[in-house]
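The values are calculated or read from the model by the stated rules, or taken from the named source; none is laboratory data. Please read these numbers as outputs of a predicted model, since none were measured by experiment. Cβ coordinates were reconstructed from backbone atoms using ideal geometry, including for glycine residues, and neighbour counts include every protein chain displayed. What goes into the accessible areas is simple: the full protein's heavy atoms, side chains included, and nothing from ligands, DNA or RNA. Shrake-Rupley method; radii C 1.70, N 1.55, O 1.52, S 1.80 Å.
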Amino acid sequence: MPRVCAVSYLNTVPLVWGMLHGAGPSDGAQVFDLRFALPSACADQIASGEAEIGIAPVIEVARQGLDYFPGTGIACHGPVRSILLISKIPFREIRTLATDSGSRTSVMLSRIILAEKFGATPNVISRHADLAAMLGEADAALLIGDAALRVDPATLPFETLDLGGEWNSLTGLPMVFAVWAGRKGVVTDRLTRSFLDSYRFGAARTDEIVAAESVSRAFDAPLVRKYLTEHIVFELTDRDYAGMKLYLEQASKLDRQVVTA
């Protein structure tokens, strides 16, 4: 079975529900050797060969020249709720940005939004996801995934941007954060179908996912349900891939390692 690295955040759970709980290959189960890690660590496991496939940050798809499996991923068509840029000062004045060390795609997205909308090009430092510590060291902080979901932007005494909503407002296109990807030659129709089957198994069992994950992650059940059914998009279309292409084109202007795909 291919060695597969999945992200340990809530937003990946529906994608792997069939792999974890399905009855067989028709549910995406018994197809993959699955392990979990942060997004940046999944990317590193693909690069090292420790994993053959991973839910890879799209920025790493370009950086590593990976092939990706079409049809499923992690995207948004508006506010995403779990990618928050939080600043002590007006965004155009940001000079230092502390970013979640688990992130790759969202770090670049924050740089794109700050540059395009506010003309800011801050120095970026990677830190553990601790908002108070990050803002103690930098003008602004980037939180992603479950750490961002634990923060209520409405109660913060700081400026806050939802970067999914900002990207959609800036471009009119979806934002794709991660896709199943691997080295050249790994993508096959059979495995592509297995990833889709696993997600659809999960999508049909949203109540089960909400009940289980709200307890295991100590989130309110309404937050989990709204996040997974209204904020995150898991089945990707041509419009999503158009947004992904534009993101990589914008990223290439800021990152010499990135080539558009």
**Report entry** Complete set of residues in the stretch 135-173 that are assigned to a strand (DSSP E or B) and open to solvent by 40 Å² or more (accessible area, probe 1.4 Å)
**Finding:** Glu159, Thr160
Query raised in the report: Any residue in the stretch 233-250 that is part of a loop (DSSP other than H, G, I, E, B) and either at pLDDT 95 or above or within 20 Å of Ala147 (Cβ to Cβ) (or both)?
Result: yes
**Report entry** Residue pairs meeting the criteria (Cβ under 7 Å; at least 6 apart or on separate chains; first at pLDDT below 90, in the stretch 10-37; second buried (at least 17 other Cβ atoms within 10 Å of the Cβ) and among the β-branched types (Val, Ile, Thr))
**Finding:** Pro25/Val31
Requested in this report: Mind listing whichever residues of the stretch 184-207 are in contact (Cβ under 8 Å) with a residue 40 or more places away in the chain, surrounded by fewer than 17 Cβ atoms within 10 Å (Cβ to Cβ) and assigned to a helix (DSSP H, G or I)?
Outcome: Thr192, Thr206
Report summary line: Leu228: passes all of (1) touching a residue at least 12 places away in the same chain (Cβ under 8 Å); (2) open to solvent by 60 Å² or more (accessible area, probe 1.4 Å); (3) in a helix (DSSP H, G or I); (4) not β-branched (Val, Ile, Thr) but (2)
Query - Residue that is nearest to the chain's Cα centre (by Cα) [pool: residues in the stretch 208-224 that are aliphatic (A, V, I, L, M) and surrounded by 15 or more Cβ atoms within 10 Å (Cβ to Cβ)] - result: Val224
Query raised in the report: Can you find a residue in the stretch 88-96 that is open to solvent by less than 10 Å² (accessible area, probe 1.4 Å), in a strand (DSSP E or B) and modelled with pLDDT of 95 or more?
Result: no
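Of the residues that make up the stretch 122-141, is at least one in contact with a His (Cβ under 9 Å, 6 or more places away or on another chain) and small (Gly, Ala, Ser)? Explain how you work it out, then say what you get.
Our first condition is that a residue be in contact with a His (Cβ under 9 Å, 6 or more places away or on another chain); within the stretch 122-141, this holds for 134.
Now drop any that are not small (Gly, Ala, Ser), which leaves none.
Within the stretch 122-141 (the criterion being in contact with a His (Cβ under 9 Å, 6 or more places away or on another chain) and small (Gly, Ala, Ser)), the answer is no, since none of the residues qualifies.
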Report summary line: Listed by first then second residue, the pairs whose first member lies in the stretch 80-104 and is at positive phi and among the hydrophobic types (A, V, I, L, M, F, W, C), whose partner is in a helix (DSSP H, G or I) and buried (at least 22 other Cβ atoms within 10 Å of the Cβ), with beta carbons under 8 Å and at least 6 positions apart or on separate chains, are none
Query raised in the report: Are any residues in the stretch 39-65 within 24 Å of Thr188 (Cβ to Cβ) and open to solvent by less than 10 Å² (accessible area, probe 1.4 Å), and if so, which ones?
Result: Cys42, Ala43, Ile46, Ala51, Ile53, Gly54, Ile55, Ala56, Pro57, Val58, Val61, Ala62
